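Novice: I have a structure I would like to understand better, so I am pasting it below and will then ask my questions one at a time.
The values are calculated or read from the model by the stated rules, or taken from the named source; none is laboratory data. Predicted model, so just to flag it, every value in this text is computed and none were measured. Positions of Cβ are backbone-derived with ideal geometry, glycine not excepted, and every protein chain shown enters the neighbour counts. Protein only, heavy atoms only, side chains kept; ligands, DNA and RNA dropped before computing areas. Shrake-Rupley method; radii C 1.70, N 1.55, O 1.52, S 1.80 Å.
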Amino acid sequence: MHTPTPDPRRWTVLAILSGSLLLISMDTTILNVAFPSLVADLQPGAVQQLWIIDVYALALSGLLVTAGALGDRWGRKRLLMAGFGIFSAASLLAVFATEPWHLIAARALLGIGGAAIMPSTLSILRGVFTDAKERAFALAVWAAVFGGGMAFGPVVGGLLVQDHGWHSAFLLNLPVAALIVAAGLRYLPESRNPLSTNGSWDWWGVAQSIVGMLALAGGIKQLGKSGVGSPLPWVLLAVAVVALTVFVRRQLRVEPPLLQVRLFAKPAFSVAATAIFLPMVGMGAILFLVTQWFQYGQGYTPLEAGLRLLPAPLALICASIVAPALMHRFPIRHVLGAALVVLAAGMALPWTLQQYADLGYPAFAAALTVMGLGAGLATTVASVTLVSAAPADEVSSAAAIEETCYELGSAMGVAVLGSTAAALYRGNLPVLDLDGPAASAVRDSVGEAAHVAERLGGTVGQALLDTASHAYTLAITPAFLMAGALAVAAAATTWALIPRDLQPTENH
């Protein structure tokens, strides 16, 4: 079959889109470091703090489907540029925030801008890289930038916040966004899906997808905060099930659909989506738990904790770049299946080592390295498979689904495995010789235990911190093991369902 002439600008396009993605992915984690000084300055209440953290992911998750469809209809380059306009305005609003609600509004706008940017990057990539082998390399760079950006966020944020305050975490976005917009206006090609202009815009579908995705993301996050005993997360999840069921049924009937849900009928596509979602459940939880262990269990500053996470992104970047060569040489099902097994081995390593000795940083560094290798290979291969399984005119739907797997998988991991670790932590604590409120705070979380220990000071405070740290270490490794089981389940699904002759790095 004849392959279209490659776009001479494709490598420039890849560089611009990688810069776009790096900014967005870093922004999802950079607040982790800026948050303490931000709270000290703006003094938000407990509920406002939750909104500052969560509203970005809620807005992003809720609008991914709509943004993908809007790019098809309005123009993907145009939507990308508009997304950066919103992102820059939101960053400026955050820099000048003097009240908590200013920052909440800014974070919501950042999520809206991010939702416009993320599917557009993948859709444009699919359009300019017409050769399957080159496209696999481009998607490997995309995956490396996305994973690396999330992990480098705390490091960059720590360096900035340490010297220039929390405002600098948002100020960084402005010059980078300006540079990307200037280059994008000149070099990025415009593209649309011609079929998407047939018929009127599906406002009912938009409303159903936004309500369903907001309720789903909110329910998952609320489950992690209030636990299974609270009715609120179950109400939100029930709303999500109803709204998304109605949305899917509608998308099977209307032309053109906002989201091409029939893509899931292809085994390669559905398995690739599963191979992104299940590992992200594990990785989202593990990065959350390890960061807490570094800061509260080991006493590292946020910057020191961020630096100690580096084995994971560095290994992920290396594995992502090697992935296309492995995909070209070996059957895709074996590369993806083996990558998921490596990921599971890294996740299970801390629990295994704990059976023989007390855990220190070297054990976690080794585990993070192995996890990074497995995650880099798995997410790259899954991304290439998922995008290649979607026809060119349905790539925006594929991009929206892939981004949703990343976002919801990570949120699900923090909610479910994070809650499991919290319950195990409480179970591992001995009876504490403290007054009621202090004992309750210690049992609430290892972070609260660290604050109580700091207030007590001296040998009593240190003994309390050692006890809480030991209980937390014993609690997180079973959660790691559960994450590994999810990766094994994804590997088994891969070997069972991906066609033996699938070759996404070959032109057909």
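Novice: Tell me the Kirkwood radius of the stretch 1-72: reciprocal of the mean inverse pair distance over distinct alpha-carbon atoms, in Å.
Specialist: 15.7 Å is the Kirkwood radius here.
Novice: At a threshold of 8 angstrom on Cα-Cα distance, excluding pairs fewer than six apart, so keeping six or more, what relative contact order does the chain reach in percent?
Specialist: Relative contact order comes out at 22 percent.
Novice: Classify the stretch 208-275 from the C-alpha gyration tensor, please: rounded if a/c falls under 1.5, else prolate or oblate depending on whether a/b exceeds b/c.
Specialist: Judged from the Cα gyration tensor, the stretch 208-275 comes out oblate (a/c at least 1.5, b/c at or above a/b).
Novice: Can you grab the distance from the C-alpha centre of the stretch 244-278 to the C-alpha centre of the stretch 466-500, Å, no decimals?
Specialist: Their Cα centres are 27 Å away from one another.
Novice: Quick one: with all protein chains in place, what share of the accessible area of the chain is carbon or sulfur, to the nearest percent (1.4 Å probe)?
Specialist: Answer for the chain is 67 percent, counting heavy atoms of protein chains only.
Novice: If you take all C-alpha pairs in the stretch 244-392, what percent of them are over 28 Å apart?
Specialist: Distances greater than 28 Å cover 34 percent of the Cα pairs.
Novice: Give, in whole angstrom and from largest to smallest, the semi-axes √(5λ) of the equivalent ellipsoid of the chain, with λ running over the eigenvalues of the Cα gyration tensor.
Specialist: Gyration-tensor ellipsoid for the chain: 37, 26, 22 Å.
Novice: Moving on. Of the listed peptides 276-283, 182-189, 50-57, what is their order by residue-averaged count of other C-beta atoms within 10 Å, with the highest listed first?
Specialist: 276-283, 50-57, 182-189
Novice: Whole angstrom only: what separates the Cα centroid of the stretch 373-430 from the Cα centroid of the stretch 135-198?
Specialist: If we compute the Cα centre of each part, the gap is 20 Å.
Novice: Moving to a separate point now. Leaving out same-chain residues fewer than 8 places away, which lysines sit with a Cα under 23 Å from that of K266?
Specialist: K133
Novice: Hand me the chymotrypsin sites (Phe, Trp or Tyr not before Pro) from the stretch 441-508 located in a DSSP loop with no more than 14 other Cβ atoms within 10 Å, in residue order please.
Specialist: none
Novice: State whether the stretch 327-411 is rounded, prolate or oblate according to the following rule on the C-alpha gyration tensor (a ≥ b ≥ c being the square roots of its eigenvalues): a/c under 1.5 gives rounded; otherwise a/b larger than b/c gives prolate, and the remaining case gives oblate.
Specialist: prolate
Novice: Another question, then. Could you provide, to the nearest whole Å², the per residue accessible area of the chain with probe 1.4 Å?
Specialist: 40
Novice: Assuming 0.36 nm per residue, please report the length gained on full extension of the stretch V39 to K133 beyond their Cα-Cα distance.
Specialist: Stretched out fully, the V39 to K133 stretch lengthens by 29.1 nm.
Novice: Could you give the dipole magnitude of the chain about its Cα centre, charging the beta-carbon of Lys and Arg +1 and that of Asp and Glu -1, in debye to the nearest 20?
Specialist: About 1280 debye.
Novice: Go from 0 up to the bin containing the longest alpha carbon distance in the stretch 53-169, width 10 Å each, and give me the % of pairs per bin.
Specialist: Result returned by the calculation: 13, 34, 36, 14, 2, 0.
Novice: Could you give the nm distance between label points at L232 and Q462, where each point is 7 Å from its Cα heading toward the beta carbon?
Specialist: 4.0
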